[in-house]
Amino acid sequence: MVENFIKEGSEKVRKEDIEKVVKNEESIKNRFKELEGKIQKELPEDLSLILSLIKDYWKDEYKVVPWRTIALTVFALLYLLNPLDLIPDLSLPLGILDDLAVLGFVVASVKDDLEKYKQWKNPSKNEKNEVT
């Protein structure tokens, strides 16, 4: 169910949606903070990386990422901002579960592309890690 919902939603993502994510960066970061403590430790780092990826894509600085990855991540971030999603955020703690399910699925789906982007973004840091 979640997979189909995400697939259908990401297929509707357009360039204007990317701009909306970029313009709402602070709101997205604030939403990340609300979810802290309810998510696995790696997810905040992954979400920050996703936000950075989308901004670099938007600025035409990083274009070697598949559109599917951009569409999935933009959909997930817009979903995170929407308080009236499948389970409204007002229905705590259940209202956060659908957000976490969408984010978790999307992060897992784009993990390889995030790793490639991370290497592109911090090449010297990755070289140091390979030496040790």
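Annotations
- Cross-link table K29/K118; K59/K116; K12/K118; K15/K111; K12/K55, entries beyond 24 Å C-alpha to C-alpha: K12/K118
- Between E26 and D112, the FRET efficiency estimated from the beta carbon spacing at R0 = 22 angstrom works out to 0.15.
- The separation of the stretch 10-36 from the stretch 55-80, counted between C-alpha centres, amounts to 10 Å.
- Y62 accessible area, assembled protein chains, probe 1.4 Å, Å²: 10
The values are calculated or read from the model by the stated rules, or taken from the named source; none is laboratory data. These numbers come from a predicted model, not from an experiment. Positions of Cβ are backbone-derived with ideal geometry, glycine not excepted, and every protein chain shown enters the neighbour counts. Ligands, DNA and RNA are excluded from the accessible area calculation, which covers all protein heavy atoms including side chains. Shrake-Rupley method; radii C 1.70, N 1.55, O 1.52, S 1.80 Å.
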